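Report on one structure; see the data block that follows.
The values are calculated or read from the model by the stated rules, or taken from the named source; none is laboratory data. None of the values given here were measured: they were computed from a predicted structure. Glycine also receives a Cβ, built like all others from the backbone with ideal geometry; neighbour counts cover every protein chain displayed. Side chains are part of the model used for accessible areas, which takes the heavy atoms of the whole protein and leaves out ligands, DNA and RNA. Shrake-Rupley method; radii C 1.70, N 1.55, O 1.52, S 1.80 Å.
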Amino acid sequence: MTQTLANWINTNKVATITFDPNSPIYDKYGISSTFKTVWNNFKNAVSTQEPSGNRRYPQTLQLRFSSDNIMTLRVTYLNNAQTSTLFADYDFDLKSNTSNGEVIFSKRMPEGTTTAHGNGGTVYFKDHFERFLLPYFTNRIFIADWLPSGISSTDPLYRTYGGFYEKELQQIIFMDQ
């Protein structure tokens, strides 16, 4: 049990898990169609909003584990001119069961006070976060695991990829090496 990803998260051995939609990992091992739709809807809403000066361009999504019970969801994005990389952060409480890997997220309030948290609360992001990402992360049970499950313990890639899948669908949403 001490080698499970859920236990590693609980004991602060994992700092981040990043979703990069351009990673070949997802071409090779797949991705949850539900999550892919949520991400694409969020990304499209943020990057096509009006007036055009409000547009931002999401690039990646990162789960940042600052303790055994707090996760910060970080959207890395390009500014309106697409010349600067910035962050929008949202804090969640994290409950994890290390025996079965189940993880439940709930929105943490009040929100943090960093610049990235402020960015997340702007007109550019807040409504879209609340419409797409917030319900996705708070209305599901996830399983933290070494992924994909088909990698055997004798494979050199064993335990090099970790992430989450949706309990009900058994489909990968995040993997990181």
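Are any residues in segment 69-90 within 17 Å of residue 141 (Cα to Cα) and touching a helix residue (DSSP H, G or I) at 6+ places or on another chain (Cβ under 8 Å), and if so, which ones?
Across segment 69-90, the qualifying residue is only 73.
If residue 145 meets every condition in (1) assigned to a loop (DSSP other than H, G, I, E, B); (2) touching a helix residue (DSSP H, G or I) at 6+ places or on another chain (Cβ under 6 Å); (3) open to solvent by 40 Å² or more (accessible area, probe 1.4 Å) apart from one, which number is that one?
(1)
Of everything in segment 100-110 that's more than 17 Å from the chain's Cα centre (by Cα) and without any contact (Cβ under 8 Å) to a residue 40 or more places away in the chain, which residue is nearest to residue 3 (Cα to Cα)? Give the derivation first.
As a first pass, look at segment 100-110 and keep what is more than 17 Å from the chain's Cα centre (by Cα): 100, 109-110.
If we keep only those that are without any contact (Cβ under 8 Å) to a residue 40 or more places away in the chain as well, we get 109-110.
Numbers: 109: 31, 110: 33 Å.
Step by step, filter segment 100-110, then rank; the result is 109.
Residues that are surrounded by fewer than 18 Cβ atoms within 10 Å (Cβ to Cβ) and modelled with pLDDT of 95 or more: list the helices (runs of 4 or more DSSP H) wholly contained in segment 3-93 that include at least 3 such residues. Steps first, please.
Details: elements: 5-10, 24-29, 33-47.
Passing ranges, in order: 33-47.
Can you tell me which residues in segment 24-66 are over 23 Å from residue 167 (Cβ atoms), touching a residue at least 40 places away in the same chain (Cβ under 8 Å) and not charged (D, E, K, R)?
Residues satisfying the conditions are 45, 46, 49, 54, 60.
Touching a helix residue (DSSP H, G or I) at 6+ places or on another chain (Cβ under 7 Å), aliphatic (A, V, I, L, M) and at negative phi - does that describe any residue in segment 17-35?
No, segment 17-35 contains no residue that is touching a helix residue (DSSP H, G or I) at 6+ places or on another chain (Cβ under 7 Å), aliphatic (A, V, I, L, M) and at negative phi.
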